[in-house]
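Trainee: Please see the structure below; I have some questions.
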């Protein structure tokens, strides 16, 4: 400040002289763009995704997928099915041109070309217009993919009786039984059978459950000595008295469970 000559102001180039109102940029000069990606377009995408997600969650709560029993490799008549979103690939492998000697074509080549075409669609058709009529390649690839997936899924699901399948393969909940650990037969069971059949006779991957069997004392004694099925002979090495206690213990547990 100089005396007699008034005040002088120092300007800062980082501060604009005029405050512009918060008006979105005009995209009319850019072909195919009508609004800003952030936050206008992205916010709409998020809203559509949220609505779809909420609807999908409501469907899963209202119509839960039926559960099936534990996998049993000894069941020869069981036909495994993939989840519903893979049924179209499951159906594709039923056709002659995609199975047998052509299985590589049905499992690798055809799915690879289909999904590869969808991934390359933005690069194959990069025209600026957003109308359907101006994007023939992308629209055609998407329509063909949707039609193929829907048709193959329908064909795979049409021949399956889902209600009967769910009833036949309903998982069996473990049966809670009371075990009298003071029974002398339980002490024999701990020495000979507990490693394979479990602490509560519930069974394991190595041996079946002993709950729900209908064998009498003599049959159980014979099985313990001579074996049955995958159970080899000679598993029990106790005395005749211990064998009798073991068989009576198993029978008593099943009688109490049936009551």
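No value in this document is a laboratory result; all are computed from the given coordinates. Bear in mind that the values here come from a model prediction, so they are computed numbers and not experimental data. No Cβ is skipped: glycine too gets one built from the backbone with ideal geometry, and neighbour counts run over all protein chains shown.
Trainee: In the list 190, 167, 182, 155, which residue meets the criterion of being on the phi < 0 side of the Ramachandran plot and in contact with a helix residue (DSSP H, G or I) (Cβ under 7 Å, 6 or more places away or on another chain)? Lay out the reasoning, then the answer.
Mentor: Numbers: 190 fails: in contact with a helix residue (DSSP H, G or I) (Cβ under 7 Å, 6 or more places away or on another chain); 167 fails: in contact with a helix residue (DSSP H, G or I) (Cβ under 7 Å, 6 or more places away or on another chain); 182 fails: in contact with a helix residue (DSSP H, G or I) (Cβ under 7 Å, 6 or more places away or on another chain).
The conditions single out 155.
Trainee: To continue, here is another question. Which residue is surrounded by the fewest Cβ atoms within 10 Å (Cβ to Cβ), if the candidates are limited to the range 218-259 and must be touching a residue at least 24 places away in the same chain (Cβ under 8 Å) and assigned to a loop (DSSP other than H, G, I, E, B)?
Mentor: The qualifying residue surrounded by the fewest Cβ atoms within 10 Å (Cβ to Cβ) is 237.
Trainee: State which residue is farthest from the chain's Cα centre (by Cα) when the search covers only the range 185-212 and only residues that are touching a residue at least 60 places away in the same chain (Cβ under 8 Å) and within 13 Å of residue 253 (Cα to Cα). Reasoning before the result, please.
Mentor: Kept after step one, since they are touching a residue at least 60 places away in the same chain (Cβ under 8 Å), are these residues of the range 185-212: 185-186, 188-189.
From what is left, the residues that are within 13 Å of residue 253 (Cα to Cα) are 185-186, 189.
Details: 185: 43, 186: 41, 189: 39 Å.
Selected residue: 185.
Trainee: Which of the residues that make up the range 75-125 are at positive phi and surrounded by 13 or more Cβ atoms within 10 Å (Cβ to Cβ)? Reasoning before the result, please.
Mentor: Of the range 75-125, the ones at positive phi are 100.
Correct list: empty.
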